[in-house]
Amino acid sequence: SRGDTQEKEVEGKRREKQTQRKRPENSWGIHTTAVRRGDDYVINGGKMWITNGCQADWMCLLANTSDAPPHRNKSLICLPMKLPGVHINKKIDKMGMRSSDTAQIFFEDVKVPCKYLIGEEGMGFTYQMLQFQEERMWGAAGVLKPLENLIQETIDYTRQRKIFSQPLLYNQMVHFRLAELATEIELLRALLYRTVAFYIKGNDVTKLASMSKLKAGRLAREVTDSCLQFWGGMGFTNEMLVSRLYRDMRLISIGGGADEVMLSIISKYMDMLPRKK
């Protein structure tokens, strides 16, 4: 009914305001808690940017399970999404990646059996940091083929688009730029393959994985922006692949650790960060 809908909206806004009073969560400074009570964890808090949160059957939740230091007080818990107290507040209206829903979720006294703990209690932060390396390699791998396809589509389009009685592609600035971007993609591929080869052998690839993701995010922005320019007004329409990639791939420089985080990690491994006094 309309009354029920309005009541849900009011309740959702109340929870949202409660969450907004706190600082945004990251892997280090999360606020969500999971307190042991008997054979259960009782979970309270909230999460933003949960991919597929509106339709998922379960989520891998990182929560504080003790009062230990930040790198030792977190645990990973498998949390079924249909449990009482799990509230999907809203589907976030994003600029890109619109085919994948992203949710804001709140937890109010959600009871989860302790046997749903993933790995060891207190090791959640470590597990998350290890997972980040694979996610960052995946982020770099995920841009290669779409960017290659976009360059090829741009070549095809500019070959048939005529300006001053000749194909746009025949302008030296256009074909030189596309050649340059194709070269950059191959350089990213080489860096990624080297990173994966080291990872498979059991090496620490934090620095290389961070470099790969940093380059992937920046190259994705460079390629999509340059290609969109060559598409002209057609590139500014939503029916074209170039406009979708222009929106979707902007996330690569944000999700899984922003460019600035990657630069900080790389600087740390190069021993360039300021010394703590």
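The values are calculated or read from the model by the stated rules, or taken from the named source; none is laboratory data. None of the values given here were measured: they were computed from a predicted structure. Every residue, glycine as well, gets a Cβ built from its backbone with ideal geometry; the counts of neighbours run over all protein chains shown. Each accessible area value is taken on the protein alone, full model and side chains, heavy atoms only, with ligands, DNA and RNA left out. Shrake-Rupley method; radii C 1.70, N 1.55, O 1.52, S 1.80 Å.
Are any of the residues in the stretch 108-115 closer than 30 Å to residue 81 by Cβ and in a helix (DSSP H, G or I)? Within the stretch 108-115, one or more residues are closer than 30 Å to residue 81 by Cβ and in a helix (DSSP H, G or I). If you scan the stretch 87-97, which residues turn out to be out of contact with any Phe, Trp or Tyr (no Cβ under 9 Å at 6 or more places or on another chain), touching a residue at least 24 places away in the same chain (Cβ under 8 Å) and either open to solvent by less than 70 Å² (accessible area, probe 1.4 Å) or in a loop (DSSP other than H, G, I, E, B) (or both)? Within the stretch 87-97, 95, 97 meet the criteria. The set of residues in the stretch 175-200 that are among the β-branched types (Val, Ile, Thr) and surrounded by 13 or more Cβ atoms within 10 Å (Cβ to Cβ) comprises 185, 195, 196. Hey, any hits in the stretch 28-42 for a residue that's surrounded by 17 or more Cβ atoms within 10 Å (Cβ to Cβ), among the aromatic types (Phe, Trp, Tyr), in a strand (DSSP E or B) and out of contact with any Lys or Arg (no Cβ under 7 Å at 6 or more places or on another chain)? Looking for residues that are surrounded by 17 or more Cβ atoms within 10 Å (Cβ to Cβ), among the aromatic types (Phe, Trp, Tyr), in a strand (DSSP E or B) and out of contact with any Lys or Arg (no Cβ under 7 Å at 6 or more places or on another chain), one finds at least one in the stretch 28-42, hence yes. One residue stands out among those in the stretch 126-174 that are among the hydroxyl-bearing types (Ser, Thr, Tyr), without any contact (Cβ under 8 Å) to a residue 60 or more places away in the chain and surrounded by 14 or more Cβ atoms within 10 Å (Cβ to Cβ): the one that is nearest to residue 240 (Cα to Cα), which is 127. Scanning the stretch 25-46 for residues being out of contact with any Phe, Trp or Tyr (no Cβ under 8 Å at 6 or more places or on another chain) and either farther than 30 Å from residue 95 by Cα or modelled with pLDDT of 95 or more (or both) gives a total of 7. Residues in the stretch 179-196: is at least one touching a residue at least 60 places away in the same chain (Cβ under 8 Å) and assigned to a helix (DSSP H, G or I)? No, the stretch 179-196 has no match at all. In the set 83, 79, only one residue is part of a strand (DSSP E or B), of a type outside the set (Ser, Thr, Tyr) and open to solvent by less than 80 Å² (accessible area, probe 1.4 Å); that residue is 79. So which residues in the stretch 145-167 are in a helix (DSSP H, G or I) and β-branched (Val, Ile, Thr)? Result: 151, 154, 155, 158. The residues of the stretch 55-69 that are in a loop (DSSP other than H, G, I, E, B) and open to solvent by 60 Å² or more (accessible area, probe 1.4 Å), listed by number, are 55, 57, 67. The residues of the stretch 254-266 that are more than 13 Å from residue 132 (Cβ to Cβ) and open to solvent by less than 30 Å² (accessible area, probe 1.4 Å), listed by number, are 259, 266.
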